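Read the structure below first, then the notes.
Here, each number is a calculation from the coordinates, and none is a lab measurement. The structure presented is a predicted model; accordingly, all values stated were derived computationally and were not measured. Counting neighbours? That spans all protein chains shown, and the Cβs are built from the backbone with ideal geometry, glycine included.
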Amino acid sequence: MTHLIHSQTHRKEIVPWYDSGRAIVCSVIGLVIILAFGIVGIIVASENPQYKSLFGMPLCIVLMSGYVIISMAARVFIKKWKGLMKSRDDTIIQ
């Protein structure tokens, strides 16, 4: 009976492909490129009087990509924090 309980508590967690390290790094790199594109758009729109009315679009791009970068970083941080706490708890129990 203890063998069954022991094997169930030490199963490896299945991580979806979009939550893996490589996928997150590729997503953040793409989002940083989009963020830079938006910042350049803001600079161009603020310098050229013809494009003053188009200032909102690059601002929206910067805000959305920044929000996604922050949320992905928070997800990675929480995931790492839970892993550290779990490994710390395992060492205390042993």
Tensor-based shape of region 7-63 (alpha-carbon gyration tensor, a/c under 1.5 rounded, otherwise prolate or oblate): prolate
Order of I14, I29, I42 - criterion: other Cβ atoms within 10 Å of each residue's Cβ, fewest first: I14, I29, I42
Cα-based convex hull volume of region 19-93 per residue, rounded to whole Å³: 72 Å³
Modelling each spin label as a point 7 Å along the Cα-to-Cβ direction, I'd like the Y67/I33 distance in nm, to one decimal. 2.3 nm
Ranked on Cβ counts within 10 Å of their own Cβ, fewest leading, E13, E47 go E13, E47
